[in-house]
Structure formats: C-alpha cells, structure tokens
Amino acid sequence: MLGIMLSVFWTVLGWVFRSVLVKFVLYFGLFFITTEFLQEVLPLLPGASSLTSAFSSISPGMWWIMDMMQFSTGVPMVISAYLTRFILRRIPIIG
C-alpha cells in the first residue's frame, strides 16, 4: 500500500512541476512584460485633448446623429479593441 501511495505522490508532484509550475512562470513572465511595456508606451500616446480639438468643429446636427448612433460609446470601444489587438500581435509568443 505504501508503494502505491508513494507512486501517486511522485506522479502528482511530477505533474505539478512539469505542468502547473512551468505554465505559471511563463504566464507571469508574459503578464509582467506586458504591464511594464504598457507603462512605457502609454505616455507616448496622444491624449484626449487632441480628440477634443478634432471634434470641436462638428455641427450640432451632426452631433445629434452621432448621439443617436451612440458614437460616444462605440468609438472608445473600437479604439481600445484595435489597441489591444495591436499590442497582442506584437508579443512574439502570443501573436
């Protein structure tokens, strides 16, 4: 009985070190690299003031149409989706 228990113990321990620990280290490394990369890149991106000045010349009639189409909700979603896709494609292991 002791031999079976030791066999199960070493099998589980081997699985933890081969599978779980390796994946944890790999994904933690990817998370760390991604967060540090974003902290360096975000100050280089344009701010919201450039978008405000770009939309200041739109007429009130056009704003009404854009409000009906939920432009103020959709555009930030699309921009963040494109930015996320761009970042994920630049990581060699994932993209």
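The values are calculated or read from the model by the stated rules, or taken from the named source; none is laboratory data. This is a predicted model, so every value here is computed, not measured. Heads up, the Cβs are rebuilt from the backbone with ideal geometry, glycines too, and the neighbour counts pull from every protein chain shown.
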- Message: Being surrounded by 10 or more Cβ atoms within 10 Å (Cβ to Cβ), more than 22 Å from residue 83 (Cα to Cα), of a type in the set (Val, Ile, Thr) and not assigned by TED's automatic domain parsing to the domain that holds residue 92 is the requirement here; does residue 41 meet it?
- Response: no
- Can we say residue 36 is acidic (Asp, Glu) and surrounded by 10 or more Cβ atoms within 10 Å (Cβ to Cβ)? yes
- Can you name every residue in region 1-56 that is at pLDDT 80 or above and outside any helix (DSSP H, G or I)? 1
